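Visitor: This is the structure I want to talk about, given as structure tokens.
What follows is calculated from the coordinates using simple rules that are stated; it is not laboratory data. All figures in this text were calculated on a predicted structure; none of them were measured in a lab. As a convention, Cβ positions derive from the backbone with ideal geometry for all residues, glycine included, and neighbour counts pool all protein chains shown.
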Amino acid sequence: VLVSARDFYEQDYHFAEDVERPNLPRLRRAMRHLQPMPGTAFLDLGCGVGWATRLAVREYAVGSAVGLDFSHRALVSAAALTPEAGWVDADGTRLPFRDATFDRVFSFGSMEHFPDIRGGFAEVYRVLRPGGRLVTAVPNFYIRTGQPLEFRATKGGWGAVMRSVGFEIERVATDPGPALFKNRRPVRLALRLALRAISLIPVLRYQFVFVLRKPSSIDGAV
Ligand SMILES: C[S@@+](CC[C@H](N)C(=O)[O-])C[C@H]1O[C@@H](n2cnc3c(N)ncnc32)[C@H](O)[C@@H]1O
């Protein structure tokens, strides 16, 4: 399954469109939950063409930035856009980093595609320093995007998985979904309009932006 999922991104995913038409305001809205960021060690998990990594370096002044993805094609574009970041080709559920390497991990629309959802969160927990933060945007239960592996859950369902590996949930924001005019194919536009309307109902928001903290070792000591 993993091999074919990876093949899908290598061969079929719209990375060229992502390079040409990034939605930076949408990323910035989610990334502000990572503040303060200056000087921190930052990981963008499932980075695609790496726009969040680029923002981390060029707008948020992180101390070091790594983008990780299992699509070589995505990383070639990412490295061209932001040569000053580090780019790592690896599976998101087996991170090639030591324990407690990062202060901030960001993952936008990627962890729900991992072959082992709980294992993916456990790996992020492992590579975060105590007191470090993960901000991850993951879709609501009814969303479909046509990617090979799509885990879906309600806000409560996602939260249960995250808590089960040790994360503390600081807050949960929401994301309204793709820009309406991302591309002009009429059927796609109509679908996005319908999604926007549905997504006005709070429990049916397109996706959740979870702000998670790995507890410090002193938490709970008193
Ligand atoms: C919907 S895209 C999101 C990309 C980027 N975060 C963005 O906001 O544009 C999902 C990304 O997750 C990556 N991905 C999916 N499964 C993965 C896995 N098991 N390990 C590493 N990356 C994975 C894909 O290659 C793809 O770049």
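Visitor: Counting other Cβ atoms within 10 Å of each Cβ, which trypsin sites (Lys or Arg not before Pro) in segment 41-130 have at most 12 and sit in a DSSP loop?
Guide: Within segment 41-130, the qualifying trypsin sites (Lys or Arg not before Pro) (loop, at most 12 other Cβ atoms within 10 Å) are Arg94, Arg98.
Visitor: If you don't mind, there's one more thing I want to ask. List the longest stretch of the chain that has no exposed loop site; here a site is one of the GluC sites (Glu not before Pro) assigned by DSSP to anything other than H, G, I, E or B, with at most 15 other Cβ within 10 Å.
Guide: On the way: sites that count: Glu59, Glu84, Glu150.
Here the longest run is 151-222.
Visitor: Here's something else I'd like to know. State the Kirkwood hydrodynamic radius of segment 91-222 in Å, one decimal place, computed from all pairs of distinct Cα atoms. Present the calculation step by step, with values, prior to reporting the outcome.
Guide: Working: mean 1/r = 0.0632 Å⁻¹.
When all Cα pairs of segment 91-222 are included, the Kirkwood radius is 15.8 Å.
Visitor: Find the eigenvalues of the gyration tensor of the Cα atoms of segment 62-164, then list the square roots of 5 times those eigenvalues as equivalent ellipsoid semi-axes, largest first, in whole angstrom. Before the final figure, lay out the partial values.
Guide: Working: eigenvalues 105, 68, 26 Å².
The answer is 23, 18, 11 Å, longest axis first.
Visitor: Could I ask something else about it? Segment 104-177: Rg/Rh from Cα coordinates, Kirkwood Rh?
Guide: Working: Rg = 11.9 Å, Rh = 12.8 Å.
We get a ratio of 0.93 for segment 104-177.
Visitor: I need the semi-axes of the equivalent ellipsoid of segment 6-73: take the C-alpha gyration tensor, multiply each eigenvalue by 5, square-root it, list largest first in whole angstrom.
Guide: The answer is 23, 14, 9 Å, longest axis first.
Visitor: Return the calculated 222 nm mean residue ellipticity for the chain, to the nearest 500 deg cm²/dmol, obtained by summing -39500 (n - 2.57) across DSSP H runs with n ≥ 4 and dividing by the residue count.
Guide: Calculated from helices alone, the mean residue ellipticity at 222 nm is -10000 deg cm²/dmol.
Visitor: Starting from the amide H of Leu128, placed 1.01 Å from N in the peptide plane, find each other amide H under 5 Å away whose residue is 5 or more places distant or on another chain.
Guide: Close amide H contacts, sequence-distant or interchain: Ala100, Thr101, Phe102.
Visitor: Taking the Cα centre of the chain as origin and charging only Cβ (+1 Lys, Arg; -1 Asp, Glu), how large is the dipole, in debye to the nearest 20?
Guide: Working: 30 positive and 22 negative charges, 175 e Å.
The calculated dipole for the chain is roughly 840 debye.
Visitor: Can you give the % of DSSP beta bridges in the chain that are antiparallel, to the nearest 5?
Guide: On the way: 14 of 32 bridges.
The answer is about 45 percent antiparallel.
Visitor: As a test of the definition: which semi-axes, in Å, follow for the chain when you take the square root of five times each eigenvalue of its alpha carbon gyration tensor? Largest first, please. Write down the numbers at each step before the final one.
Guide: Numbers: eigenvalues 132, 90, 58 Å².
Values for the chain, descending: 26, 21, 17 Å.
Visitor: In whole Hz, with x marking every Gly and Pro, tabulate ³J(HN,Hα) for segment 47-57 from phi via Karplus 6.51 cos²θ - 1.76 cosθ + 1.60, θ = phi - 60°.
Guide: Coupling constants for segment 47-57: 6, x, 7, x, 5, 5, 4, 4, 4, 4, 6 Hz.
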